[in-house]
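Below is one structure; the comments refer to it alone.
The values are calculated or read from the model by the stated rules, or taken from the named source; none is laboratory data. Being a predicted model, the structure only gives us computed values, none of them experimental. Here the Cβ positions follow ideal geometry from the backbone for every residue, glycine too, while neighbour counts run over all protein chains shown.
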C-alpha cells in the first residue's frame, strides 16, 4: 500500500480508483458493515464488546483511508471524516458503558 499525503486523484486515475481502490476499501470495511447489520436491527444499546470490536474495525478503515490520502481527496474526504467521527463517538460510548456498568462500585 503506497503512503502519500497527495490526494487520491493524484496517486491514481479515476479508473484505478473505481477498479482497485474501491475493491480494497470494500474488503477493509466489510467487517464493519457486518457489525452494523447485526447491531442496527436490535435497536438496543450496544454492549462494551460490540463497542470494542467497532473500535478496532473503525480504526482499520480510518487507517486505510489515511494511508491513501482520503482526507486530501474531495471524493473521499467526507467518508474519512464520517469514519473518524464514528470512531470518536464509539470511544466515548465505550467509556460511558463502562462507567454505567461500574457506577454502583464507585464511592460518590
Total residues in the stretch 40-58, condition farther than 18 Å from residue 25 by Cβ and in a helix (DSSP H, G or I): 10
Cβ pairs under 6 Å, 6+ apart or interchain, first in the stretch 71-82 and touching a residue at least 40 places away in the same chain (Cβ under 8 Å), second in a loop (DSSP other than H, G, I, E, B), ordered by first then second residue, are 72/7; 73/7
Unmet criterion (only one of (1) modelled with pLDDT of 90 or more; (2) under 25 Å from residue 95 (Cα atoms); (3) surrounded by fewer than 18 Cβ atoms within 10 Å (Cβ to Cβ)) for residue 23: (2)
Residue pairs within 7 Å by beta carbon, gap of at least six or interchain, first lying in the stretch 11-30 and part of a helix (DSSP H, G or I), second modelled with pLDDT under 85 and surrounded by fewer than 11 Cβ atoms within 10 Å (Cβ to Cβ), listed first then second, are 11/2
Name the residues in the stretch 59-108 that are in a loop (DSSP other than H, G, I, E, B) and surrounded by 12 or more Cβ atoms within 10 Å (Cβ to Cβ), would you? 68, 69, 73, 75, 76
